[in-house]
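The values are calculated or read from the model by the stated rules, or taken from the named source; none is laboratory data. The model shown is predicted, which means the values in this text are computed figures rather than measured ones. All Cβ positions, even for glycine, are placed from backbone atoms using ideal geometry, and neighbour counts span all protein chains on display.
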């Protein structure tokens, strides 16, 4: 296992990678949930983050999530961050094997956001206990844009930064 030195501290490459993935997932997840709550508030006319997060939890536990109060909203938030971490993990693990990701990270990050939206809406939601709403192009395009900018872009930029630094500091 290679050792990377940053700021005079030695750390294993795998530990550094895990921290980078967790940070990217946390940043992307935070940006995404803030955007989702904001857009949801605009569409519904009221600010209801607890309800939105209960909706996330309902994917696993069904409609009873809406009766679970703040506790179920926290479950939804945990699920939300788990998905953000999963998307960060996949991108970070693919990055060293797909050289084209190093070039044009903004483009690939934005495209990765479309991939994330497609996976969530084409696989995750249909397999969940969420009752699907009728398709709405306006909402879909807004949600795609959010995932492009708030999930794909930060993950791609953070992966590029991590791997650029890793190559520079590798002993």
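Would you say residue 132 is exposed (fewer than 14 other Cβ atoms within 10 Å of the Cβ), modelled with pLDDT under 95 and in a helix (DSSP H, G or I)? No; evaluated as a whole, the condition is false for this residue. Scanning segment 87-112 for residues that are surrounded by fewer than 20 Cβ atoms within 10 Å (Cβ to Cβ), under 18 Å from residue 29 (Cα atoms) and touching a residue at least 60 places away in the same chain (Cβ under 8 Å) returns a single hit, 89. Can we say residue 52 is closer than 26 Å to residue 138 by Cβ, surrounded by 15 or more Cβ atoms within 10 Å (Cβ to Cβ) and within 13 Å of the chain's Cα centre (by Cα)? Criteria not met by residue 52. Of all positions in segment 80-92, at least one carries a residue that is at negative phi, over 11 Å from the mean Cα position of the chain (by Cα) and part of a helix (DSSP H, G or I).
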